[in-house]
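The values are calculated or read from the model by the stated rules, or taken from the named source; none is laboratory data. Note that the structure is a prediction, hence the values are computed from the model and not measured. Note that we place each Cβ from the backbone using ideal geometry, even for glycine, and neighbour counts take in every protein chain shown.
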Amino acid sequence: MGTYGRYVFPDPGLFIQPTTGVKYIESWLRVRDAWFMRVAKEPSLALSNQSWRTYLSIDNTILGKGDTKAARRRQEALDMILPNTDMYPEVGRRSGSMGPIVWQGREYPPGVLPPENVVREILWELYELNFIHELQSLDRRACQNLDLLSTSQLFDRQVEISQCFPIDSFRHVSIPSKNRGLADDDLDDRFKFVTPLAFIVNSWKGDKPEILAGDLSNLQLTPDGVVEMEKVVAQYYCQQFFNYFGRAAQVPHRLFSMNI
């Protein structure tokens, strides 16, 4: 996410309306692979919520029909989201419904809401992907001594940021078999990822809460202190994101119910 108030991936909140949820999920799954390809090659891609909403609500049966304002708006949304044939000559544009929708190698009938566990996986992935991109975008704006023209510095910083995620869910997000990383059920396991995030935000510009302002390398925390540190890091991150981008941050979610 590189643009004020925009999203690299659709806001999962768009999918919760019962009247549009089926259509939005189907539209997203049909463009998902192509969008992943574009984001990999065009890392600055980001769209407004309205642009995502317009695309996700497009009725494939009326594409290209008429020269109305609505038709032009639909075409603009398609042009923003679908791959440009000049840049991606191997990818052809298709219109209309194209058979079943696919998620994780399984096919599901169009026009029908997939099973609840599948919907949960789709939304979990969107939260995770948005958080990954938003954290990096915020860090590039907020980091105090980061030279954005230095490839080596940007690479080193990405390595540091990757420590905030399970090794197999940074950039390439896979569906986990249990809650992991910053959403782990176990506080001790979760804090292994909170700690590197604390180091990331510690290097940002501006005033910080006392617990984040000093040298974190020798910080000794009581069990209550660990809970407080997690809370402070989360609140500080969300506030800084809002300060820089003018909207609420997307944050990691649990895919499974907590094991208590």
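What to note about this one:
- Those helices (runs of 4 or more DSSP H) lying entirely in region 182-260 with at least 1 residues free of Cβ contacts under 8 Å to residues at least 24 places away in the same chain and within 23 Å of the chain's Cα centre (by Cα): 187-202, 223-245
- Taken over region 176-228, the residue count meeting the criterion of being exposed (fewer than 12 other Cβ atoms within 10 Å of the Cβ) and either more than 30 Å from Ser257 (Cβ to Cβ) or in contact with a strand residue (DSSP E or B) (Cβ under 6 Å, 6 or more places away or on another chain) (or both) is 10.
- Leu212 fulfils the conditions (1) at pLDDT below 95; (2) in contact with a helix residue (DSSP H, G or I) (Cβ under 6 Å, 6 or more places away or on another chain); (3) closer than 27 Å to Lys178 by Cα except for a single criterion, (3).
- Looking only at region 47-105, and only at residues there that are in a helix (DSSP H, G or I), modelled with pLDDT under 75 and small (Gly, Ala, Ser), the one that is surrounded by the fewest Cβ atoms within 10 Å (Cβ to Cβ): Ala70
- Checked against (1) part of a helix (DSSP H, G or I); (2) out of contact with any strand residue (DSSP E or B) (no Cβ under 7 Å at 6 or more places or on another chain); (3) closer than 21 Å to Ala198 by Cα, Val119 meets all criteria but (3).
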